[in-house]
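What follows is a single structure, written as structure tokens, with notes after it.
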Amino acid sequence: MQVSKQQVNPNLEKQILRMWYQLTADIKTPEEAEKIFDGLFSKTELITIAKRLGVGYWLSKARSYENIKQNLKVSSATIASVQQDLKKGGWKEAIKKITADEWASVWEEKIKNLFKKRGDGQSVNSPSR
């Protein structure tokens, strides 16, 4: 799908963008997001968005252009464009959320492993028999 060069009425554009923002805000789980986005977007559109997000994330982790190009199969121009956009509030918020989710997942695993190691059915704070 190509984006039309014809301008949409600004009020209508505002309404449909608001609808989009509300839809994304209402999504509760990654599984729900996958179901909705797979229905709304072509595979190419989804991959394009996901790659941009990956580029931004890896730039925030100080990966080199060459590493990002090789792994995500994107151009230097795309990386440079995303790097420029990382200064914007939306990117900062997105990276902050990804990092928080990443941190939560790491600690979730550590906590699960702690309880697995205990293995005797008692909680960690329960006195041993």
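The values are calculated or read from the model by the stated rules, or taken from the named source; none is laboratory data. Predicted model, so just to flag it, every value in this text is computed and none were measured. All Cβ positions, even for glycine, are placed from backbone atoms using ideal geometry, and neighbour counts span all protein chains on display.
Descriptive notes on the structure:
- Residue in segment 22-33 that is in contact with a helix residue (DSSP H, G or I) (Cβ under 6 Å, 6 or more places away or on another chain) and of a type outside the set (S, T, N, Q) present: yes
- Residue satisfying all of: in segment 1-21; among the aliphatic types (A, V, I, L, M) and closer than 19 Å to Leu40 by Cα; surrounded by the fewest Cβ atoms within 10 Å (Cβ to Cβ) among these: Val3
- Of all residues in segment 27-64, those satisfying the criterion of being under 15 Å from Ala77 (Cα atoms) and of a type in the set (Val, Ile, Thr) are Thr48, Val55.
- The one condition from (1) charged (D, E, K, R); (2) surrounded by 10 or more Cβ atoms within 10 Å (Cβ to Cβ); (3) modelled with pLDDT of 95 or more that Glu93 does not meet is (3).
- Failed condition for Lys88, given (1) among the charged types (D, E, K, R); (2) modelled with pLDDT under 80; (3) within 28 Å of Thr29 (Cα to Cα): (2)
- Taken as a whole, the condition of being more than 27 Å from Leu23 (Cβ to Cβ) and at pLDDT below 95 applies to Lys61.
- Residue check: Ala25 meets all listed conditions (1) more than 23 Å from Lys96 (Cβ to Cβ); (2) loosely packed, with under 11 Cβ neighbours inside 10 Å; (3) at pLDDT 95 or above but one, namely (1).
- Qualifying positions in segment 96-118 - surrounded by 11 or more Cβ atoms within 10 Å (Cβ to Cβ) and under 13 Å from Gly56 (Cβ atoms): Lys96, Ile98, Thr99
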